[in-house]
1. With Kirkwood's inverse mean 1/r over C-alpha pairs for Rh, give me the Rg to Rh ratio of region 89-238, two decimals please.
2. When we measure straight from the Cα of Lys42, which aspartates and glutamates land under 15 angstrom away, once same-chain ones fewer than 8 places off are left out?
3. Would any residue of region 108-143 have its amide N under 14 Å from a label point 7 Å out along Cα→Cβ of Glu181? List them or say none.
4. As I understand it, the dipole of the chain uses +1 on the Cβ of Lys and Arg and -1 on the Cβ of Asp and Glu, about the Cα centre. Which of Leu326, Ala107, Ile117 lies farthest toward its positive end?
5. Taking the chain as the reference, fit the longest principal axis to its C-alpha atoms, fit the long axis of helix 254-264 to the helix C-alpha atoms, and give the angle between the two in degrees, 0 to 90, nearest 10.
6. Against the longest alpha carbon principal axis of the chain, how many degrees, from 0 to 90 and to the nearest 10, is the axis of helix 314-325 turned?
7. For a quick check of your reading of the filter: which trypsin sites (Lys or Arg not before Pro) in region 16-69 sit in a DSSP loop and have no more than 16 other Cβ atoms within 10 Å?
8. Helix 301-311 sits at what angle to the longest principal axis of the chain, using alpha carbons and giving 0 to 90 degrees rounded to 10?
Amino acid sequence: MGKVYYDKDGKIDIILDKTIAIIGYGNQGRSQALNMRDSGVKNIIVGSIHDDSWTTANQDGFPVCSIAEAAGKADIVFLLLPDEVAPAIYEKEIAPNLHPGAALNFASGYNITYGHIQPTADLDVIMVAPRMIGKGVRETYENGTGFPTFLVVNQDATGHAKEIAIGLAKALGSTKAGAIEVTFNDETYLDLMSEQAIWPLIMNVMVTAFDFFQEKGLPAEAILTEMYMSKEPMVMMEKMADMGLFKQLPLHSRTSQYGQMSRFKMVDNSSMRAFIEEQYNKIVDGSFAREWEAVQANGMKEFDALRAETEKMPISIVEAEVKKNLSGGKGE
C-alpha cells in the first residue's frame with residue numbers, strides 16, 4: 001500500500017508567502033484556485049490568453065495576466081493545460097520565465113512520463129492531481145468531505161518539494177480524504193489504462209448487449225433504460241466506491257445477487273486479460289504516445305473519423321430517439 005497523507009501531515013503555512021500561478025483556468029483551475037483562497041492562500045494569480053477564462057478569473061477576483069508574465073511572478077506554477085498543448089506553451093512562455101527554486105505542479109503525469117516537458121534541474125517538480133472532476137473538487141471542499149488526490153514529488157531542487165506538495169493538497173481540501181503518494185508513471189499508466197482498457201471494455205459490453213437485445217426484438221427504450229439511461233449504474237458505482245465492489249451486492253435482491261455472483265465466475269476473461277495487457281504494454285513502451293502524436297500531426301483526421309463513426313453507431317442513433325421519448329413529452 002502506498003503512503004497516504006492527511007490533514008495532520010501538512011501545513012498550509014509553507015505556501016502562504018508564495019505566489020501561485022494558475023495556468024489553465026478551466027473547471028479544475030477555477031475550483032482549485034477558489035479552494036486555496038478559501039484556505040487562506042492570498043497570492044494567487046491567473047495566467048491566460050484573452051478568452052472566457054480571463055473574464056471568469058477577473059470576475060472571481062483573481063489578478064489575470066499573460067501566461068509568460070504569470071510564470072515570471074510565480075513561486076508555484078499550476079500547469080492545468082490539456083496534455084497535447086502544454087509542451088509548446090511550456091517551452092515558449094513558461095520555461096524562459098521561471099526563476100530557480102520555483103515549483104512546477106502538474107495535473108497529470110503524461111508529459112513528464114514521455115519526456116515532452118523536461119524541467120531544468122533547479123526546479124521542484126511535483127504533482128497534486130485530484131481524482132475528481134472540477135465541480136466535485138469545489139463541492140467536496142465546501143461540504144467538508146474533501147476528495148482523494150494523487151501526490152508526486154519527482155524532483156526536489158529546494159529540499160522542500162514534499163512539504164510544498166502536501167501543503168498544496170491540504171489547501172485544496174484533499175487531505176481530508178487522503179493524498180496518495182505515487183509516481184508520475186503510476187499516474188500516467190493508471191489514467192491511460194482507464195481510458196484505453198477499462199472503458200473500451202465496458203462500452204463494448206454495452207454495445208454488444210444492445211445489438212443482441214435488439215435482434216431479439218426487445219424495445220429500445222427498455223434496453224437502454226435497463227442498461228444505463230435510468231442512471232441506476234451511476235448509483236451502483238457510487239455504492240461500490242462507498243462500500244466495495246462486491247460488498248454493495250446486499251443492496252440488491254437475492255435473485256440479483258445470485259445471478260451476479262454465479263455468472264461472474266462463468267466469464268472467460270482470458271481475451272479480456274490479453275487486451276488489457278496489450279494496451280498496458282503500448283502505454284509503457286510509448287507506442288500509444290507516438291500514435292497519438294502522429295494523429296495530432298495529421299490534423300486530427302483519425303480522431304474526427306472515429307468520432308463520426310461513433311455518432312453513426314445504431315446505439316447512438318437510437319439513444320437520441322429514446323431520450324426524446326423519455327423526456328416527459330418535452331422532446332416533442
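Nothing in this text is a laboratory measurement; each read-out follows from the coordinates by a stated rule. Predicted, not measured: the structure shown is a model, and the values here were computed from it. Using ideal geometry, Cβ is built from the backbone for each residue, glycine included, and neighbour counts are taken over all protein chains shown.
1. That ratio equals 1.14.
2. List returned: Asp13, Asp17, Asp60, Asp75.
3. Residues 127 fall inside that zone.
4. Most positive-ward Cα: Leu326.
5. Once rounded, one gets 80 degrees.
6. So the inclination is approximately 90 degrees.
7. Numbers: sites: Lys18, Arg30, Arg37, Lys42; in loops: Lys18, Lys42.
Those that pass, being in a loop and sparsely packed, are Lys42.
8. That helix lies at roughly 40 degrees to the long axis.
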